[in-house]
1. Counting only residues that are outside any strand (DSSP E or B), surrounded by 10 or more Cβ atoms within 10 Å (Cβ to Cβ) and of a type outside the set (D, E, K, R), how many does the range 1-24 have?
2. For Thr74, which of the numbered conditions (1) among the β-branched types (Val, Ile, Thr); (2) part of a strand (DSSP E or B); (3) modelled with pLDDT under 90 fails to hold?
3. Please count how many residues of the range 37-57 are more than 16 Å from the chain's Cα centre (by Cα) and loosely packed, with under 13 Cβ neighbours inside 10 Å.
4. Under 6 Å between Cβ atoms, at least 6 apart or on separate chains: pull out the pairs that start in the range 1-13 with a residue that is within 23 Å of Tyr66 (Cβ to Cβ) and without any contact (Cβ under 8 Å) to a residue 60 or more places away in the chain and end on any residue that is part of a strand (DSSP E or B) and aromatic (Phe, Trp, Tyr).
Amino acid sequence: MIVVLITLRMVSPGAAQEWCRIFSQSIERTQEPGWLGGRCVRNTGNPLDVVVIEEWGSRAAFDAWYKSPAWTPTWA
């Protein structure tokens, strides 16, 4: 198993909350082979900081998803 950590700095606490809401909704639609789970957490010390945590069964599973058309970043 591998764990992928993505750290983000949002422009406002509301944007951080919205990012986590969207992430939570999107993981229900984008479960790929090898994807074990994921969550979005907000830093209680700095409400602008968000950490996305994803767990994958293997590096190969993550790489296959990352290189596929299924991965479309919301900021692209």
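1. To start, the set of residues in the range 1-24 that are outside any strand (DSSP E or B) comprises 1, 10-24.
Okay, now just the ones that are also surrounded by 10 or more Cβ atoms within 10 Å (Cβ to Cβ), so 1, 10, 12-24.
Imposing the further condition that a residue be of a type outside the set (D, E, K, R) reduces the set to 1, 10, 12-17, 19-20, 22-24.
Qualifying residue count, the range 1-24: 13.
2. So Thr74 meets the others, but not (2).
3. Matching residues across the range 37-57 total 3.
4. Close Cβ pairs satisfying both conditions: none exist.
The values are calculated or read from the model by the stated rules, or taken from the named source; none is laboratory data. Source: prediction; values computed, not measured. Every residue, glycine as well, gets a Cβ built from its backbone with ideal geometry; the counts of neighbours run over all protein chains shown.
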